[in-house]
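Here's the structure we're looking at; comments come further down.
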Amino acid sequence: VPKDAHKFSLGHVLFIGGSAGKLGASLLSALAAMRGGAGWVSVAPLSDAFAPAWPKGCTYESFGLEGTLDETELCRFIEVRKVKAVLIGPGTTQSPLTRPLIKKLQQLNQYAGLFLILDAAALLNFASLCEDDIAFDPQRTLLTPHPGEWHKISDGMPRLKGLADLP
């Protein structure tokens, strides 16, 4: 790590996820980013119910009401706070994604270099929200379904330009 490194040069990572009582995946993801060398880690749980104590060094954020995301507030945060990567979905039982949010994330992914990782329930309606005009940068986009999630979503995947062609 360079001597003049700081939180922005090392990268700001945002984790959005965790339904009531299912915040462990978000917590583990945040800890992994901290141990992996991220300069700044923010967590935005979709529920405060049964919330664990977040690790020192994480900032806590909220982008909407229980289980929803305010896309304007979230995208403003990503831009102003220089977020380099966003993980959406660990520990979720319902997707917080909407078509307007997907379009904004796609623009940040394509034109601002945002890394986007989608996991768990964030993938359940992802293909239907994308339609034909959404294209993600395959070098900066990662889908992380477990086999059961992949089985549920794979029928719609050929419609996702760029992502469906990955090996």
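The values are calculated or read from the model by the stated rules, or taken from the named source; none is laboratory data. None of these values were measured; they are calculated from a predicted model. Counting neighbours? That spans all protein chains shown, and the Cβs are built from the backbone with ideal geometry, glycine included. The area values use the complete protein model at the heavy-atom level, side chains included, leaving out ligands, DNA and RNA. Shrake-Rupley method; radii C 1.70, N 1.55, O 1.52, S 1.80 Å.
Quick one: count up the residues across the range 84-94 that are open to solvent by 10 Å² or more (accessible area, probe 1.4 Å) and either of a type outside the set (Ser, Thr, Tyr) or modelled with pLDDT of 90 or more (or both).
If we filter the range 84-94 for residues that are open to solvent by 10 Å² or more (accessible area, probe 1.4 Å), which is where we start, we get 84-85, 87, 91-94.
Now narrow it down to the ones that are either of a type outside the set (Ser, Thr, Tyr) or modelled with pLDDT of 90 or more (or both): 84-85, 87, 91, 94.
Matching residues across the range 84-94 total 5.
Identify all residues within the range 113-144 that are farther than 20 Å from GLY67 by Cα and in a loop (DSSP other than H, G, I, E, B); write none if there are none.
Selection gives GLY113, LEU114, GLU131, ASP132, ASP133, ILE134, PHE136, ASP137, PRO138, GLN139, ARG140.
For the range 10-39, give me the residue count where each residue is surrounded by 12 or more Cβ atoms within 10 Å (Cβ to Cβ), closer than 23 Å to ASN109 by Cα and free of Cβ contacts under 8 Å to residues at least 60 places away in the same chain.
Adding up the residues that qualify gives 7.
Can you tell me how many residues within the range 52-69 are open to solvent by 50 Å² or more (accessible area, probe 1.4 Å) and not charged (D, E, K, R)? First the steps, then the outcome.
Kept after step one, since they are open to solvent by 50 Å² or more (accessible area, probe 1.4 Å), are these residues of the range 52-69: 53-54, 56-57, 60, 62, 65-66, 68.
If we keep only those that are not charged (D, E, K, R) as well, we get 53-54, 57, 60, 62, 65, 68.
Result for the range 52-69: 7.
Identify all residues within the range 81-125 that are small (Gly, Ala, Ser) and either over 18 Å from ARG140 (Cα atoms) or within 11 Å of the chain's Cα centre (by Cα) (or both); write none if there are none. Give the derivation first.
So in the range 81-125, the residues small (Gly, Ala, Ser) come out as 85, 89, 91, 95, 112-113, 120-122.
Within the range 81-125, ALA85, GLY89, GLY91, SER95, ALA120, ALA121, ALA122 qualify.
How do the strands (runs of 3 or more DSSP E) wholly within the range 1-108 filter down when requiring 1 or more residues that are of a type in the set (Ser, Thr, Tyr) and in contact with a His (Cβ under 9 Å, 6 or more places away or on another chain): which remain?
On the way: elements: 12-17, 40-45, 58-60, 83-88.
Hits in the range 1-108: 40-45.
Please find, among ILE134, ILE102, ILE117, the residue that is among the β-branched types (Val, Ile, Thr) and open to solvent by 20 Å² or more (accessible area, probe 1.4 Å).
Details: ILE134 fails: open to solvent by 20 Å² or more (accessible area, probe 1.4 Å); ILE102 fails: open to solvent by 20 Å² or more (accessible area, probe 1.4 Å).
When all the criteria are applied, what remains is ILE117.
Taking only the range 137-167 into account, find how many residues are more than 25 Å from LYS22 (Cα to Cα), open to solvent by 40 Å² or more (accessible area, probe 1.4 Å) and modelled with pLDDT of 90 or more. Walk me through it before giving the result.
First pass over the range 137-167, keeping only residues more than 25 Å from LYS22 (Cα to Cα): 137-140, 155-167.
Cutting the leftovers down to open to solvent by 40 Å² or more (accessible area, probe 1.4 Å) gives us 138-140, 155, 158-159, 161, 164-167.
After this cut, where a residue has to be modelled with pLDDT of 90 or more as well, the list is 138-140.
Qualifying residue count, the range 137-167: 3.
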